[in-house]
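Asker: The structure's right below; bear with me while I get my questions together.
The values are calculated or read from the model by the stated rules, or taken from the named source; none is laboratory data. Remember, predicted model here, so these are calculated numbers, not experimental data. As a convention, Cβ positions derive from the backbone with ideal geometry for all residues, glycine included, and neighbour counts pool all protein chains shown. Note: areas computed on protein heavy atoms with side chains; ligands, DNA, RNA excluded. Shrake-Rupley method; radii C 1.70, N 1.55, O 1.52, S 1.80 Å.
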Amino acid sequence: MLSSQHAPAVAVLLVILLLVTDATASEADCNTPACTFTADVIPHDAAAIDGTHRFVIGEFHVAPPDDWKRVHSAPYNGLAISYEDDARLGITRLVADDLKIDPEIFEQADASMRDYYNIVFKNTAEDTPPAHGPERRLWQFAMDTKRLQFPEATQAVIIDGEDFRAYSAVISLGRFDTRTIIVHDEAPDTALELLASGLDQETVISVVVSAQHR
């Protein structure tokens with residue numbers, strides 16, 4: 001569903017790369033530099049962006065920067081937003097199936113999306129994983145997400161809000177340079193993913209703190 005106070009013509013035009021590789025539960029070596037980053041936790045004290053256009057994506061609505069040139073619908077119930085100087089912002093809704101993980105693994109591990117991305121952003125392969133069972137499988141998926149979807153990550157931060165948590169890092173992934181995940185307490189099995197190019201991390205984070213659960 002897509003809404004805006006002044007919605008432009010929406011076209012299914014831009015297929016944005018939101019999940020570059022499937023995260024498969026493997027025992028793959030994760031001792032490369034891509035797997036060693038951890039994030040600083042910062043409180044949510046930044047002002048939300050004062051956008052006049054708010055878009056609905058699944059359970060959320062967000063206010064991206066207003067100076068966009070085009071807005072298109074994108075796969076996975078998302079948006080692909082174009083700005084000047086070829087800057088791009090993709091926003092999509094994620095559930096376990098989109099991560100190529102059986103939802104039953106989350107259920108059996110009694111884990112939420114927040115738990116999953118806490119592993120990605122707070123743990124490394126040097127930490128001891130759970131011994132066995134669904135918790136270990138979820139850990140393995142998280143390490144693959146860390147390795148494959150956050151390559152060469154720097155400036156990793158966890159933004160800790162009253163009812164949400166966001167995970168953001170500067171990355172090197174094709175044309176994209178920032179990847180951010182938002183989880184909300186009222187939708188524990190869902191996340192929003194923001195994948196950006198040509199936008200600084202502060203701008204992306206301003207969109208993050210504008211996101212609200214509907």
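Asker: Could you tell me whether segment 86-96 includes any residue that is open to solvent by 10 Å² or more (accessible area, probe 1.4 Å), part of a loop (DSSP other than H, G, I, E, B) and either of a type outside the set (Lys, Arg) or in contact with an Asp or Glu (Cβ under 9 Å, 6 or more places away or on another chain) (or both)?
Answerer: yes
Asker: Sort out which residues of segment 186-205 are in contact with a Gly (Cβ under 9 Å, 6 or more places away or on another chain) and surrounded by 18 or more Cβ atoms within 10 Å (Cβ to Cβ), and write them in order of number.
Answerer: Here is the first cut: in segment 186-205, the residues in contact with a Gly (Cβ under 9 Å, 6 or more places away or on another chain) are 187, 190, 192-197.
Result: ALA187, THR190, LEU192, GLU193, LEU194, LEU195, ALA196.
Asker: Which number in (1) of a type outside the set (Asp, Glu); (2) closer than 17 Å to ASP97 by Cα; (3) touching a Cys at 6+ places or on another chain (Cβ under 8 Å) marks the one condition that TRP139 misses?
Answerer: The failed condition is (3).
Asker: Quick one: count up the residues across segment 66-82 that are of a type in the set (Ser, Thr, Tyr) and open to solvent by 10 Å² or more (accessible area, probe 1.4 Å).
Answerer: Just the residues of segment 66-82 that are of a type in the set (Ser, Thr, Tyr), to begin with: 73, 76, 82.
Now drop any that are not open to solvent by 10 Å² or more (accessible area, probe 1.4 Å), which leaves 73, 76.
Count: 2.
Asker: Here is a follow-up. Kindly provide the set of residues from segment 127-146 that are over 16 Å from PHE37 (Cα atoms) and of a type in the set (A, V, I, L, M), ordered by number.
Answerer: Once the filter is applied, which keeps residues that are over 16 Å from PHE37 (Cα atoms) and of a type in the set (A, V, I, L, M), segment 127-146 yields ALA131, LEU138.
Asker: Here is a list: ASP163, ASP144, ASP127. Which entry is of a type in the set (Asp, Glu) and not assigned by the TED database to the domain that holds ASP98? Steps first, answer last, please.
Answerer: Numbers: ASP144 fails: not assigned by the TED database to the domain that holds ASP98; ASP127 fails: not assigned by the TED database to the domain that holds ASP98.
That would be ASP163, the only listed residue that is of a type in the set (Asp, Glu) and not assigned by the TED database to the domain that holds ASP98.
Asker: While we're on this one: Is segment 43-52 home to any residue that is loosely packed, with under 15 Cβ neighbours inside 10 Å, assigned by the TED database to the domain that holds THR124 and at pLDDT 80 or above?
Answerer: Looking for residues that are loosely packed, with under 15 Cβ neighbours inside 10 Å, assigned by the TED database to the domain that holds THR124 and at pLDDT 80 or above, one finds at least one in segment 43-52, hence yes.
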